[in-house]
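Down below is the structure, laid out as structure tokens.
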Amino acid sequence: MIKVDLSSISSFVPQTQLDAMASRVAAAHETLASGSGEGNDFLGWRELPVNYDKEEFARIKAAAHKIQSDSKALVVIGIGGSYLGARAVIDLLKSPNYNLKQKDTPDIFFAGNTLSTDAVLEVLELVGDRDYSINIISKSGTTTEPAVAFRIFKAHLEHKYGKEEARKRIYCTTDAARGALKSLADAEGYESFVVPDNVGGRYSVLTAVGLLPIAVAGIDIDEMMAGAADAMHAYADDRSMENPVWKYVAARNCLYENGKKVEILGSYEPCFRFMGEWWKQLYGESEGKDGKGLFPASVEFTADLHSMGQYIQDGERVLFETIIRYANPHGQVVIGEDADNVDGLNFLAGKDLHFVCEQAIRGTRLAHVDGGVPNILLELDSINARTTGELIYFFELACGISGYVLGVNPFNQPGVEAYKKNMFALLDKPGYSDLREQLLSRL
Ligand code: PA5
């Protein structure tokens, strides 16, 4: 189970404040569990680790096997919650260098998360003339970035294989009944997977949204779901400050109320980087509203100690850190003796690199706390599918509870609409002419 170590926030948060916060966390947890809070039509993720469509789960695995057997690449098209979870898990469990590795599973390219021309051209170039398939993921089926990318890649696939064969290589993950993508999938006969009505985008990595690309990468999705189920059983019903989720929620909300406005999620594992991106969306979209919410940032240590380290140590004192520590690497690297010792590193000879990293974690933590940056430490055993499922559920549950502690609806994202409306107006989409006039007068 995840261990939450709060010893390095004690000089910033008095025990009395934590105790008082515990009763607010209890109330927020009850609001979430009873489904009596705002956004309660988006609570399907709570039971997802055990209560999911088993027939669809089997189809996901079958589709993954088919893609593995007939494709050298998979283009996954989606944005936000329809993209970040899959990318984060594949990076974490298979490496950010997954596509560069020798393997018997397809390369995976992500598209539809940008409007950059160069990025689209690059994916087309990287796919080249290899056999490939497409997984288009959009709950609403109307999001511009993935819709545009799908148009481009669908045309490319149809040109390459003809409409009939292309149809067998397009997998759609979308709403069960509504939206342009659902209509297209039905009309064309694409194999389709469902984003359940009651699961919002950023809480959807444990549905087909995340599971199909993750399975294609050769990751054991049963084990990941089992890890999430472990977390659900351990954390969803424990209403006490022994619950690691409560500790995390209480600590971050106390720190926020004490003037720490930025939470930095950091890890010492480069493969964790996109988990940071997934976490930023989860917390940023869930809490950042009504003029409130911690600003979620992420860093990759030790690399960022040589870039962001200065600011964290010494800049505006509005930060706190949540650090992920994996106790056990998958192997050992021992530092050798050097006869000349020109680099002066013989004092490390015979030491394990992991031991060196552990001292960096400990030393950095003390330095940052001395510099006024409180530190929440989340400790896990090792990077694997089970602990990843557990961590995903841990953060989702904590996010739902934390949003209610903050007094916001953690399951909507009204702020995402503003840029879309302006973009549609500027693109002259029918129905936006008044707004277009207003915007053009300001440009
Ligand atoms: O969390 C969310 O709901 C959003 O980030 C969505 O996932 C994102 O906007 C993409 O939406 P859709 O899946 O409808 O294309």
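The values are calculated or read from the model by the stated rules, or taken from the named source; none is laboratory data. The structure presented is a predicted model; accordingly, all values stated were derived computationally and were not measured. All Cβ positions, glycine included, derive from the backbone under ideal geometry; neighbour counts span all protein chains shown. For accessibility, only protein heavy atoms count, side chains too; no ligands or nucleic acids. Shrake-Rupley method; radii C 1.70, N 1.55, O 1.52, S 1.80 Å.
Residue-wise test of (1) surrounded by 23 or more Cβ atoms within 10 Å (Cβ to Cβ); (2) among the aliphatic types (A, V, I, L, M); (3) assigned to a helix (DSSP H, G or I).
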{"site": "Leu377", "(1), (2), (3)": "no, yes, no"}
{"site": "Ile383", "(1), (2), (3)": "no, yes, no"}
{"site": "Gly400", "(1), (2), (3)": "yes, no, yes"}
{"site": "Gly403", "(1), (2), (3)": "yes, no, yes"}
{"site": "Pro410", "(1), (2), (3)": "yes, no, no"}
{"site": "Val416", "(1), (2), (3)": "no, yes, yes"}
Checklist line | Any hit, the range 134-143, residues being open to solvent by less than 40 Å² (accessible area, probe 1.4 Å), away from the ligand (no atom under 16 Å from the Cβ), β-branched (Val, Ile, Thr) and not in a loop (DSSP other than H, G, I, E, B) | finding: no
Checklist line | Count of residues meeting criterion [of a type outside the set (A, V, I, L, M) and more than 8 Å from the ligand (Cβ to nearest atom)] in the range 78-94 | finding: 4
Note to self: Out of everything in the range 283-317 that is in a helix (DSSP H, G or I) and either surrounded by 21 or more Cβ atoms within 10 Å (Cβ to Cβ) or β-branched (Val, Ile, Thr) (or both), what residue ends up being farthest from the ligand (Cβ to nearest atom)?
What the structure shows: Ile312
Checklist line | Selection status of Ala28, open to solvent by less than 10 Å² (accessible area, probe 1.4 Å), closer than 30 Å to Asp129 by Cβ, more than 22 Å from the chain's Cα centre (by Cα) and hydrophobic (A, V, I, L, M, F, W, C) | finding: no
Margin query: Restricting to the range 162-214, name every residue that is part of a helix (DSSP H, G or I), of a type in the set (Gly, Ala, Ser), away from the ligand (no atom under 11 Å from the Cβ) and open to solvent by 10 Å² or more (accessible area, probe 1.4 Å).
Written below: Ser183, Ala187
Check: (1) farther than 20 Å from Leu211 by Cβ; (2) within 16 Å of the ligand (Cβ to nearest atom): which one isn't true of Asp118, the others all being true?
Finding: (2)
Note to self: I'm trying to understand the selection: among the residues of the range 102-114, which are open to solvent by 40 Å² or more (accessible area, probe 1.4 Å) and either at positive phi or within 14 Å of the ligand (Cβ to nearest atom) (or both)?
What the structure shows: Asn113, Thr114
